[in-house]
Amino acid sequence: MKMIIHDLDSAVFNSFIPHVASDISVLSDTGHIKPCIGCFGCWIKTPGICVRKDGYENLGKMLSECDEVTIISKCIYGSYSPFIRNVLDRSIPYLLPYFTSKNGETHHQRRYNNSFVFTVHFYGEDLTEAERETAKELVAANGINFYSSKEKVFFYDRMESMKGALG
Amino acid sequence: MKIALMNGSPKPGNNNSGILLKKIEPLLGEGNELTSISTSGKELTPDQYRALCEMDVLLFAFPLYIDALPSHLFRIIIELERYMKEYKEKEVRVYVLINNGFYEGHQCHIAMKIMENWCKRSGLTFCGGIGQGAGEMMGTISNVPLGHGPLKDLGKAMVRISENIANGTQVEKRMLSPNVPRFFWKLMATHFFWNTTARKNHLNRRDILRKL
Ligand SMILES: Cc1cc2nc3c(=O)[nH]c(=O)nc-3n(C[C@H](O)[C@H](O)[C@H](O)COP(=O)(O)O)c2cc1C
């Protein structure tokens, strides 16, 4: 299974990827996503599921079924856009609360055994070098926390120039 | 000086960012006008955004979320960039107190850079700050005075940052782990934090580990 998480307007997304294959699930901004409130309920109340019910509570399970996760996000200050940030915050039920060490740093243990290729397409008109560097570091750090098998990062000055790359 | 204490934790009630702000408050000295702003559970009003543009100092305290800023706070700083461009008339300096769950405070370094990049875009003066690891320990050790025990290094860094706020200079970015060994922190966090809370919710270890 593959998942695309994007912050594009649906018309724009459909023009970029008119036919979504049946093994791809697409997660987009319905305008109703709730922020994580840091309650850790997804670990110690209803393990594996977020306690906030808004259609985005099953991200942990969804990620467990993926071998590819692709993010399309505006790059803002070297970060993902708020919707994508929100989805990632709500994704911690994919992991366990317990800790482990990786390269001498603490991280969470994995709940599931799968791993996915993590690809991020960042768009943004006048990104600075510092912002690009921050964004690359962010994707690499997220890749470690989410046990991705590989990370790939692409930047596009114009949203339209993504079209070819995504098709 | 007008200083805004921005609590960027989405947790309602007590949160570690709030504990850090409470600890630094007495160090900021006399004669300042302090405004505390919570970002948990509600949007900031246009009046609050405009008031932030008139501050001398914005002191942000927030938790690290997936190596970055919590999404609700990220929405706020994007909006604040817009307000700053329209209403800011003098220099506004920004200091940052990040706390993270893992032991190593240096995992906050990317979020610190995001704040720095935001300052550049918004015309604000980024003055650095602290990334403090093992943030969830703060609740249990909130009675320990700064500069003692597990808060030894944090105490020194907080004194330094408050001096810098007072005399308008920059602090470097200081990434700190608590002054307790990592194995001890891990043991406490695992048994007294996760397992104890889970038991209160009538869950055992198998429940916590479940796959869906
Ligand atoms: C959704 C979510 C994501 C988190 N991501 C990280 C992370 O990437 N690295 C880390 O060290 N801690 C992470 N944490 C832990 C928090 O930074 C930590 O619990 C912090 O002490 C919370 O501070 P607060 O009480 O001020 O909200 C995360 C917590 C949550 C709820």
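The values are calculated or read from the model by the stated rules, or taken from the named source; none is laboratory data. No experiment lies behind these values; they were computed from the predicted model shown. Don't worry about glycine lacking a Cβ; one is built from the backbone with ideal geometry, like all the others, and counts go over all protein chains shown. Calculation scope for accessible area: heavy atoms of the full protein, side chains included, ligands and nucleic acids excluded. Shrake-Rupley method; radii C 1.70, N 1.55, O 1.52, S 1.80 Å.
Scan segment B:72-88 and tell me whether some residue there is within 12 Å of the chain's Cα centre (by Cα) and of a type outside the set (Val, Ile, Thr). Yes, some residue in segment B:72-88 is within 12 Å of the chain's Cα centre (by Cα) and of a type outside the set (Val, Ile, Thr).
Applying the condition of being of a type in the set (S, T, N, Q) and within 11 Å of chain B (Cβ to nearest Cβ) to segment A:30-78 and asking which residue is farthest from A:Phe16 (Cα to Cα) yields A:Thr46.
Those residues that are over 22 Å from B:Arg93 (Cα atoms), of a type outside the set (D, E, K, R) and out of contact with any Pro (no Cβ under 9 Å at 6 or more places or on another chain), I need them from segment B:156-188; list them, please. Full working, then the answer.
Filtering segment B:156-188 down to residues over 22 Å from B:Arg93 (Cα atoms) leaves B:176-188.
Okay, now just the ones that are also of a type outside the set (D, E, K, R), so B:176-181, B:183-185, B:187-188.
Within segment B:156-188, B:Leu176, B:Ser177, B:Pro181, B:Phe183, B:Phe184, B:Leu187, B:Met188 qualify.
Exactly one residue out of B:Gly105, B:Gly133, B:Gly129 is within 16 Å of the ligand (Cβ to nearest atom), facing chain A (nearest Cβ under 10 Å) and open to solvent by less than 30 Å² (accessible area, probe 1.4 Å), and it is B:Gly133. Cβ-Cβ distances below 7 Å connect the following pairs, each with a first residue in segment B:70-83 that is among the charged types (D, E, K, R), a second residue that is away from the ligand (no atom under 16 Å from the Cβ), and a separation of six or more residues or different chains: B:Glu79/B:Tyr49; B:Glu81/B:Trp118; B:Glu81/B:Arg121; B:Glu81/B:Ser122. Pick from segment A:9-30 the residues that are open to solvent by less than 60 Å² (accessible area, probe 1.4 Å) and over 14 Å from the mean Cα position of the chain (by Cα): which of them is farthest from B:Ala198 (Cα to Cα)? Top of the filtered list is A:Ser15.
Pairs meeting the criteria (first residue in segment B:159-176 and assigned to a helix (DSSP H, G or I), second residue open to solvent by 80 Å² or more (accessible area, probe 1.4 Å), beta carbons under 8 Å, at least 6 apart or on different chains) are B:Asn164/B:Gln170.
When B:Leu59, B:Leu64, B:Leu20 are screened for being more than 10 Å from the ligand (Cβ to nearest atom), closer than 28 Å to B:Gly139 by Cβ and either buried (at least 18 other Cβ atoms within 10 Å of the Cβ) or not β-branched (Val, Ile, Thr) (or both), only B:Leu59 passes. Within segment A:101-116, the set of residues being more than 8 Å from chain B (Cβ to nearest Cβ), open to solvent by 40 Å² or more (accessible area, probe 1.4 Å) and outside any loop (DSSP other than H, G, I, E, B) comprises A:Ser101, A:Lys102, A:Gln109, A:Arg110. If B:Ser177 meets every condition in (1) away from chain A (no Cβ under 13 Å); (2) of a type in the set (S, T, N, Q); (3) surrounded by 20 or more Cβ atoms within 10 Å (Cβ to Cβ) apart from one, which number is that one? With respect to (1) away from chain A (no Cβ under 13 Å); (2) of a type in the set (S, T, N, Q); (3) surrounded by 20 or more Cβ atoms within 10 Å (Cβ to Cβ), B:Ser177 is out only on (1).
Being small (Gly, Ala, Ser) and within 16 Å of the ligand (Cβ to nearest atom) is true for just one of A:Gly31, A:Gly48. Which residue is that?
On the way: A:Gly31 fails: within 16 Å of the ligand (Cβ to nearest atom).
Sole residue among the options that is small (Gly, Ala, Ser) and within 16 Å of the ligand (Cβ to nearest atom): A:Gly48.
Each residue in segment B:160-191 was checked for being within 17 Å of the chain's Cα centre (by Cα) and either more than 21 Å from B:Cys108 (Cα to Cα) or among the β-branched types (Val, Ile, Thr) (or both), and 3 of them qualify.
If we scan segment A:87-94, do we find a residue that is more than 12 Å from every other protein chain (Cβ to nearest Cβ) and open to solvent by 10 Å² or more (accessible area, probe 1.4 Å)?
The first filter runs over segment A:87-94 and keeps only residues more than 12 Å from every other protein chain (Cβ to nearest Cβ), leaving none.
No: segment A:87-94 contains no residue that is more than 12 Å from every other protein chain (Cβ to nearest Cβ) and open to solvent by 10 Å² or more (accessible area, probe 1.4 Å).
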